[in-house]
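Reviewing the structure listed below.
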Amino acid sequence: MSMSISRSLCYYKFPAKSCSKTCPLCNFQKRNVNTHHLFDQVLHRDISSLNSQLSSYVRMRDFLTAWDLFRRLHCSRLDLDAYTFTPVLGACSALPFPERGRQVHCLMIKSGSDTGTVTKTALMNMYSKYGYLAESVKVFEEMESKDVVTWNALLSSFLKQGLVKEAFGVFTAMRRERVEFSEFTLCSMVKACAFSKAIRQGKQVHGLVVVLGRDLVLLGTALVDLYSVVGLITEAMKVFSGLDGRVDDIMRNSLISGCIRNRKYKDAFFIMNSMRPNVVALTTALAACSVNSDSWIGKQIHCVALRFGLTFDTQLCNVLLDMYAKCGIISNARSLFDGIVQKDVVSWTSVIDAYGSHGRGPEALELFRKMDEEGSGVLPNSVTFLTVLSACAHSGLVDQARECLNLMRRKYGLDPGSEHYTCFIDTLGKAGQMDEVWYLFDDMVQSGFKATTAVWGALVNACKLNQDVTRGEFAAKHLLELEPDNPAYYILLSNFYATIGKWDAVDNLRNIMRKKGLVKESGSSWFAVANHHEDVCKLV
């Protein structure tokens, strides 16, 4: 337990009526007179009734009212129990300031209310939502009695952090402990398999669902997502068809996106014909068109959106804009942008990126200045600045890139990340300004910034372009130390040594790759075949 948490225990004095004014749970502003009177009326009721009231506030997502009621209870009652703290932990998870939840945990320990499976599981969920995985696992390990909800909470804790391997370990332990799986357990594991593209394990979980006789309606969307992600649309369609019409729009939207992502257009439009088009369905379909750079299908979906009056939606327009930009149709992207009534930061960032990624840097910068200076009401974020820096890199605009990086810090208080430094190093390297490249790198190091593989890779590439042998080898050494098994970096270094004529080093790198079994990934490209007119015409 940290010193700050231990210190906070001194605030909780008993009897509760003598609670100090400095208590962080009780020193609060009353939001309005009505709330104050409401609390005065309920404080004299029995504790079970008050616990029900707390739970009701949390169910209605009125978390702040639940928190205010709890603080008043803490100041006036001595009989708070585990059923009081359980809903309060749920409110803490949804409110800012993690220290709030830690203080409640400390009060539970002091009052002896931190026992019981339900309360411990609520603690696990709270720490998990805060991102405190170690604390969540510690609470789990301290529990004497664990039910399936507790195991699910642990499973969810790992998955929220993207720790799929650890989640599989929890699932294996559940089988070993003979814990009866719930639909939530199985759904979480299907999602984990989809995230890691572990199709063999995913099929095993699917088989387990069938063997256990669980409701496929509840698990159908997750299974459709799994098979769509790995390109097994036939299997996804089997799951969909096997539900005998017991499907909702969420499952249909998921399958439509998967079909278009895998170029199964006939299946996608067959499903779309069976439902009224909605914003989510069209947005997911357009996102798949962007991945495939498929403008023909994207235009048909745009027609559907116009016909059903859905182009009022900013998110849908943003995805349409991105689709046209990815397909190189900048004029359509700009027309869409100009027509968006409520432009958000994604709208501005997308149109800036559309111009920048196609070598039209000056126009991208002009749009950024318009966003920055003309009171658009939308503030640029770190992604916006990255698109501007990328636009400068594509067009060789060194001074403008430098100004953008300074503006990011000075006006908006945003700290550049590794991707921003990588982009600027790339710009300087292409312009032959190697001294400034290394001045920038030294400044990064002096400010405590830890260079990533992307930064070292950009340095190697800049040195390759400018025949900077000594410093290039210095960067290459650090790059391989960070990721010694990444074939892309061996190829980058091989190209660097080939450029400066060090063929012995090239051969040495190739031998290392061969011994490690590292293989360069094959290149690929997308192309569209417009032969789906009949299916689309049914929609438009």
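Could you give the length gained on full extension between Met60 and Val118, defined as 0.36 nm per residue of separation minus the Cα-Cα distance, in nm?
Values: separation 58, 0.36 × 58 = 20.88 nm, distance 2.01 nm.
Separation in residues times 0.36 nm, less the Cα-Cα distance, equals 18.9 nm.
Just want the answer: with Cβ charges of +1 for Lys and Arg and -1 for Asp and Glu, which residue in Phe240, Tyr497, Pro484 is farthest toward the dipole's positive end in the chain?
Value: Phe240.
Extending each Cα 7 Å along its Cβ direction at Val345 and Arg176, get the distance between those two points in nm, one decimal.
4.4
If the label point is 7 Å along Cα→Cβ of Phe308, which residues in region 241-256 have backbone nitrogen under 18 Å from it?
Answer for this model: 247-256.
Rounded if a/c is under 1.5, else prolate if a/b is larger than b/c, else oblate: which is region 187-263, with a ≥ b ≥ c the root eigenvalues of its Cα gyration tensor?
Numbers: a/c = 1.74, a/b = 1.08, b/c = 1.61.
In terms of gyration-tensor shape, oblate.
Assuming a ≥ b ≥ c are the square roots of the Cα gyration tensor eigenvalues, decide whether region 332-433 counts as rounded (a/c under 1.5), prolate (otherwise, with a/b larger than b/c) or oblate. Walk me through the numbers on the way to the answer.
Values: a/c = 2.18, a/b = 1.41, b/c = 1.54.
It is oblate, given that a/c is not under 1.5 and a/b is not larger than b/c.
What number comes out for accessible area per residue over region 322-438 if the probe is 1.4 Å? Units Å², please.
Values: 5140 Å² over 117 residues.
Heavy-atom SASA per residue in region 322-438 reads 44 Å².
Sorting check: for 119-132, 304-317, which peptide has the highest mean count of neighbouring beta carbons within 10 Å, and how do the rest follow? Provide the component values of the computation, followed by the final result.
Working: 119-132: 21.9, 304-317: 16.4.
The packing order, highest mean first, is 119-132, 304-317.
Among the listed pairs Lys165/Lys264; Lys129/Lys299; Lys203/Lys516; Lys197/Lys450; Lys165/Lys515, which have their C-alpha atoms separated by more than 29 angstrom in this model?
Working: Lys165/Lys264 32 Å; Lys129/Lys299 40 Å; Lys203/Lys516 31 Å; Lys197/Lys450 31 Å; Lys165/Lys515 27 Å.
The pairs that break the limit, which is 29 Å between Cα atoms, are Lys165/Lys264; Lys129/Lys299; Lys203/Lys516; Lys197/Lys450.
Quick one: dipole size for the chain, taken about the Cα centre, charges +1 on Lys/Arg Cβ and -1 on Asp/Glu Cβ, in debye to the nearest 20.
Details: 61 positive and 54 negative charges, 208 e Å.
Here the size comes out at about 1000 debye.
Okay, which of region 122-154 sit inside 19 Å, backbone N to the point 7 Å along the Cα-Cβ direction of Phe97?
126-127, 129-132
Only Cα pairs under 8 Å and at least 6 apart count here; give the relative contact order of the chain as a rounded whole percent.
On the way: 653 pairs, mean separation 35.2, N = 540.
Answer for the chain is 7 percent.
Determine, for each peptide in 509-516, 451-458, the mean count of other beta carbons within 10 angstrom over its residues, then list the peptides with the highest first. Write out the running numbers ahead of the final one.
Working: 509-516: 13.5, 451-458: 21.1.
Descending mean neighbour count gives 451-458, 509-516.
Take the alpha-carbon centre of region 292-335, take the same for region 171-198, and report the distance between them in whole Å.
If we compute the Cα centre of each part, the gap is 38 Å.
Cα centroid distance between region 207-274 and region 54-122, in Å?
40
When you count, for each residue, the other Cβ atoms within 10 Å and take the mean per peptide, how do 209-218, 399-408 rank with the highest first?
Numbers: 209-218: 13.1, 399-408: 18.3.
The most tightly packed comes first, giving 399-408, 209-218.
Please label the shape of region 51-124 as rounded, prolate or oblate, based on the square roots a ≥ b ≥ c of the eigenvalues of the alpha-carbon gyration tensor (a/c under 1.5 means rounded; beyond that, a/b larger than b/c means prolate, else oblate).
Working: a/c = 1.33, a/b = 1.17, b/c = 1.13.
The shape class here is rounded.
Tell me what the chain gives for mean residue ellipticity at 222 nm when only DSSP H runs of n ≥ 4 count, each as -39,500 (n - 2.57), the sum divided by the residue total, rounded to 500 deg cm²/dmol. Present the calculation step by step, with values, prior to reporting the outcome.
Numbers: 31 runs with 379 residues, N = 540.
My calculation for the chain gives -22000 deg cm²/dmol from helical runs alone.
Grab the beta carbon distance between Ser241 and Glu141, set R0 = 45 Å, and tell me the FRET efficiency rounded to 0.05.
Working: r = 44 Å, r/R0 = 0.98.
FRET efficiency, Ser241 to Glu141: 0.55.
How much FRET efficiency would the formula 1/(1 + (r/R0)^6) give for Trp296 and Ser196, where r is the Cβ-Cβ distance and R0 is 41 Å, rounded to 0.05?
0.80
If you average the alpha carbon positions of region 386-445 and of region 475-505, how far apart do those two centres end up, in angstrom?
Cα centroid to Cα centroid, the span is 24 Å.
Calculate, in nm to one decimal, what Ser274 and Asp507 gain on full extension: separation in residues at 0.36 nm each, minus their alpha carbon distance.
Values: separation 233, 0.36 × 233 = 83.88 nm, distance 5.92 nm.
So the chain would gain 78.0 nm between Ser274 and Asp507.
With charges only on Cβ, +1 for K and R and -1 for D and E, what is the dipole size of region 211-349 about its Cα centre, in debye, rounded to 20? Spell out each step's value before the answer.
Working: 14 positive and 12 negative charges, 65 e Å.
Dipole size: approximately 320 debye.
With all protein chains present, how much of the accessible area of the chain (probe radius 1.4 Å) comes from carbon and sulfur, to the nearest whole percent?
Values: 14220 of 27010 Å².
Answer for the chain: carbon and sulfur cover 53 percent of the accessible area.
So with the 1.4 Å probe, I'd like the accessible area per residue for region 59-130, rounded to whole Å². Walk me through the numbers before you get to the answer.
Numbers: 2850 Å² over 72 residues.
Each residue of region 59-130 exposes 40 Å² on average to a 1.4 Å probe.
The values are calculated or read from the model by the stated rules, or taken from the named source; none is laboratory data. For clarity, every value in this text was computed on a predicted model and none was experimentally measured. Cβ coordinates were reconstructed from backbone atoms using ideal geometry, including for glycine residues, and neighbour counts include every protein chain displayed. For accessibility, only protein heavy atoms count, side chains too; no ligands or nucleic acids. Shrake-Rupley method; radii C 1.70, N 1.55, O 1.52, S 1.80 Å.
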